[in-house]
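Please treat every number below as a calculation from the coordinates, not as lab data. None of the values given here were measured: they were computed from a predicted structure. All Cβ positions, even for glycine, are placed from backbone atoms using ideal geometry, and neighbour counts span all protein chains on display.
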Amino acid sequence: MREIDRFKEEILKDYPKMTRDDSFTFACHPGVSCFNNCCSDVNIFLTPYDVIRLKNRLGISSQELLDKYTLLPFDKNLTYPIILLQMSDDDDKVCPFVGKDGCQVYEDRPWACRMYPLGMGSSKEDDDSLPDEFFFLLKEAVCKGFSEQKTQKVSEWLQDQGITEYNEMGEQFKNITLHPFFEDAKNLTPQKVEMFFLVCYNIDKFREFVFESTFFDRFEVDDDTKKKIKDDEIELLNFGYTWLRFALFGEKTMTVRSNVLADKERELKMKRKLPKTSEEKE
Ligand code: SF4
Ligand code: SF4
C-alpha cells in the first residue's frame, strides 16, 4: 500500500479535518507542567528547508548536520529518502537541541515542531472527500497544552509559528514528492536516490556538484541564474528541484547543450553497431 493511502486509512479516519478558518483551544509555554516533554523520543521529519535553516543556525555544513544530527531510516515502502532528527541514544532519547529553557534552536526549529499540535495534509488525487489542503489536531495524552484556555484559528496558529514561509518552501518539494511518477509505486534507481538526497538534504555538496563539475558544460544555464544560485542557497535549492524534475522524471525543465546531445547520439549509434559482449548477451 502506498504511503498516502496508509496515511489516509490509519490516521485521517480518526481525526476531524479542519480548514484554516476552524478554531482550536491550545497553548504551549514554559509554565505548562509538561514543558519539554514532547522534545524526546519523537519522530521529527526534516524537510530540505529545515536542513538549511538548522545548518545555518548551527554554523555547520549540510554534511555535518546530516552526520551529527540525522537518521536515514530504511523502509522498503518509502519511494524516496526521508531523514529524521536523531534523538540521543540513551533511555531518554532527548532531542539534541532541547535545553532546560526549551528549544535552543527555536527560531529555526523544524516545520514539524512548529506545526504541533496541528497535522497537515493535502490531496492531489481524485478524492472529492478531501480538500486540497486540510489540517487535523494531533492530541497526545502527554500534552497538557489542550487544557490551556487559548483559542485560535488554524490560520492564526500558522502565522504565529512562522509556518507560512516553511509551507511556501515546501511547495516545490511537494512537486517532487507528490509527482505522478510515484503514483504507481515506482521506485527510483539507486543513482536517482542519490540525486534526490544530494539536492534535498546536502545543499553544500549540491553546490559543489553544480559549480565544480561539468554541469554547466552539459546544461544551458544563463549567467543571471548562475549568479543567483551561487549567492543564495534558497535559489540553489529551487534550481535543484528544477533539475530533479529533469533528472528523475524526464520533464523538459532543463536544456541540454546541443553538443552533449550530438555526442550522446553518436555514442548510441556506435553501441548499435558494435557486436554485443558476452555479458550483454546474458
Ligand atoms: S528541535 Fe526544538 S522543538 Fe523540535 S524537538 Fe528539538 S528541542 Fe523540541
Ligand atoms: S507536550 Fe504540549 S504543552 Fe507540553 S511542551 Fe509539548 S507541545 Fe507544549
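Structure notes:
- Farthest toward the positive end of the dipole of the chain, out of L118, S33, V221, is the Cα of V221, where the dipole comes from beta carbon charges about the Cα centre.
- In this structure, Y15 and E64 have a Cβ-Cβ separation that, at R0 = 35 Å, corresponds to a calculated FRET efficiency of about 0.40.
- Computed from backbone phi with θ = phi - 60° and the Karplus coefficients 6.51, -1.76 and 1.60, the 3J(HN,Hα) list for the stretch 167-179 is 5, 4, 5, x, 4, 5, 4, 5, 4, 8, 6, 9, 5 Hz; x is used for glycine and proline.
- Gaussian network model of the chain, springs between alpha carbon atoms under 10 Å - residue of R218, R53, R109 with greatest fluctuation: R218
- Taking Cα atoms only, the orientation of helix 48-58 departs from the longest principal axis of the chain by about 70 degrees.
- Anisotropy class of the stretch 188-265 from Cα gyration tensor, a/c 1.5 cut: oblate
- Computed FRET value (nearest 0.05) for E208 with T255, which takes r as the C-beta separation and R₀ as 22 Å: 0.50
- For the chain, average projected area of the Cα convex hull in nm²: 19.7 nm²
- Each stretch of four or more DSSP H residues adds -39500 (n - 2.57); spread over every residue of the chain, this sum gives -13000 deg cm²/dmol at 222 nm.
- Protection proxy ranking, highest mean first, for peptides 136-142, 196-202: 196-202, 136-142, where packing is the per-residue count of other beta-carbon atoms within 10 Å, averaged.
- 13 Å beta-carbon shell around G170, net charge (K/R +1, D/E -1): -2
- 19 Å Cα-Cα threshold exceeded, pairs from K93/K139; K68/K139; K230/K264; K17/K139; K205/K228: K93/K139; K68/K139; K230/K264
- Nearest 10 degrees, 0 to 90: helix 258-273 Cα axis against the chain principal axis: 60 degrees
- Fully extending the segment from V32 to E183, taken as 0.36 nm per residue of separation minus the present Cα-Cα distance, adds 50.1 nm.
- Checking every one of the trypsin sites (Lys or Arg not before Pro) in the stretch 157-207 against DSSP loop status and a limit of 12 other Cβ atoms within 10 Å picks out K186.
- Stretchable slack from E168 to F74, in nm (0.36 nm times residue separation minus alpha-carbon distance): 31.1 nm
- Centre separation in Å (Cα based) which lies between the stretch 187-264 and the stretch 43-115: 25 Å
- Other residues within the sphere of radius under 13 Å centred on the Cβ of H29, judged by their own Cβ, net out at -1 (K and R +1, D and E -1).
- In straight-distance terms, cross-link reach from K269 covers every one of the lysines whose alpha-carbon lies under 26 Å from its own, apart from those fewer than eight places away in the same chain; here that gives K192, K252, K281.
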